[in-house]
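Since the structure comes first, as structure tokens, the remarks are kept for the end.
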Amino acid sequence: MAFRRPLALHPLVIAFVLVSCLAGTAKAKQTGQLTVFWGRNAGEGTLREACDTGLYSTVVISFYSVFGHGRYWGDLSGHPLAGVGADIKHCQSRNILVLLSIGGPGNGYFLPSSASAAAVADNLWNAHLGGRRNGVYRPFGDAAVDGIDFYIDQGAPDHYDELASRLEGYNRFYRARKGVRLTATPRCGLPDPRLGAALRTGLFERIHVRFYGNDSCSLGKGGTYGVVGQWEKWTAAFPRTQVYLGLAPAESGVPEGAQGTVAVYLKYLYYDLLPMVQKANNYGGVMVWDRFTDKKTRWSSVVNGWA
């Protein structure tokens with residue numbers, strides 16, 4: 001009986017097969033969900049422009065930054081209010097979720113009491129969500145955001161759990177859908193010193209963990225394995241919540257105005273970091289801080305295909 005010699009494969013063919021298999025494995029963990037923060041720099045363009053890129057599944061307007069002491073206001077860093085309401089509706093018509101983030105880096109907010117939490121919830125409901133009441137100014141007109149994001153970086157941690165509960169309570173006015181969705185954007189250290197109690201309510205459907213900035217667990221300070229170690233703690237602590245990997249294009253190594261593909265600067269994401277975090281069953285996607293630097297580096301144009 002004659003035996004045929006095994007077919008000899010060219011090394012390039014073998015490499016192609018291996019890469020294809022690895023790519024397929026990674027893709028099985030991907031969600032394609034990219035969330036971006038918008039409103040931090042007038043040079044980033046309009047909200048409509050951000051949505052029309054087709055890169056993002058969620059945009060977060062930032063920030064509603066004055067509250068808790070009888071005054072309520074937001075800061076859009078030079079963006080004119082005129083047109084934002086129409087842009088919100090445009091984004092929603094493209095099935096893009098639009099959230100409003102409360103807090104931020106300023107010091108104009110705090111919740112000194114249960115009564116203040118109730119008052120802030122009432123203002124958010126009537127000024128930005130589905131409520132209406134005479135005398136309450138709606139900066140975005142009749143447009144209503146899809147939910148509220150908690151980005152609490154200053155002040156005491158008190159009463160944010162109560163604020164979350166009151167906002168969740170407004171969902172009783174909706175039947176076919178959830179009209180007030182809650183997300184949080186804590187620092188990477190667990191527990192977050194200001195949002196720990198709020199997150200323990202279990203009311204937040206998404207958590208965008210900030211692995212950027214000066215915290216020791218950020219990508220810039222702790223490296224890939226430092227991020228992964230902390231990521232595993234977050235995903236284990238909130239198994240029923242979608243957890244997003246929060247990264248900053250400004251800290252990614254992509255130079256502003258880079259020519260050609262920027263993927264060459266981001267190989268560490270594709271080969272190392274993303275495959276490791278995407279092993280979590282509750283991996284939700286990638287959060288981008290923020291639209292201004294994302295636009296300048298074209299970071300999301302690459303990461304969108306890996307998220």
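The values are calculated or read from the model by the stated rules, or taken from the named source; none is laboratory data. On a predicted model such as this, the values are computed, not experimentally measured, just so you know. Because the Cβ atoms are built from the backbone with ideal geometry, glycine has one as well, and the counts that use them run over all protein chains shown. Ligands, DNA and RNA are stripped out before the accessible areas are found, and what is left, the full protein with its side chains, is counted by its heavy atoms. Shrake-Rupley method; radii C 1.70, N 1.55, O 1.52, S 1.80 Å.
Below are the figures for this structure:
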| read-out | value |
| --- | --- |
| Leading residue by the ranking (farthest from GLN154 (Cα to Cα)) among those in segment 105-117 that are open to solvent by 30 Å² or more (accessible area, probe 1.4 Å), more than 23 Å from the chain's Cα centre (by Cα) and touching a residue at least 40 places away in the same chain (Cβ under 8 Å) | SER114 |
| Some residue of segment 197-205 being within 24 Å of ALA121 (Cβ to Cβ) and β-branched (Val, Ile, Thr) | yes |
| Count - residues of segment 231-254 that are part of a helix (DSSP H, G or I) and more than 25 Å from TYR56 (Cβ to Cβ) | 4 |
| Hey, GLY213 closer than 27 Å to ASP158 by Cα, surrounded by 15 or more Cβ atoms within 10 Å (Cβ to Cβ) and of a type in the set (Gly, Ala, Ser) or not | yes |
| Residues located in segment 85-105, provided they are part of a loop (DSSP other than H, G, I, E, B) and touching a Ser or Thr at 6+ places or on another chain (Cβ under 7 Å) | ILE96 |
| Residue match in segment 93-104 (condition: open to solvent by 10 Å² or more (accessible area, probe 1.4 Å), in contact with a Leu (Cβ under 9 Å, 6 or more places away or on another chain) and either modelled with pLDDT of 95 or more or more than 23 Å from ASP294 (Cα to Cα) (or both)) | no |
| Residue check, THR224 hydroxyl-bearing (Ser, Thr, Tyr) and under 16 Å from ALA280 (Cα atoms) | yes |
| Residue in segment 26-45 that is at pLDDT below 95, farther than 21 Å from THR183 by Cβ, of a type in the set (A, V, I, L, M, F, W, C) and open to solvent by 40 Å² or more (accessible area, probe 1.4 Å) present | yes |
| Residues located in segment 245-266, provided they are open to solvent by less than 50 Å² (accessible area, probe 1.4 Å), at pLDDT 85 or above and of a type in the set (Gly, Ala, Ser) | GLY246, ALA248, SER252, ALA263 |
| Enumeration of residues in segment 132-182 that are exposed (fewer than 14 other Cβ atoms within 10 Å of the Cβ), among the aromatic types (Phe, Trp, Tyr) and in a loop (DSSP other than H, G, I, E, B) | TYR137, TYR174 |
| Selection from segment 46-73 of residues that are among the β-branched types (Val, Ile, Thr) and either within 26 Å of ALA280 (Cα to Cα) or open to solvent by 50 Å² or more (accessible area, probe 1.4 Å) (or both) | THR46, THR53, THR58, VAL59, VAL60 |
| Selection from segment 183-203 of residues that are surrounded by 24 or more Cβ atoms within 10 Å (Cβ to Cβ) and assigned to a loop (DSSP other than H, G, I, E, B) | THR185, PRO186, CYS188, LEU195 |
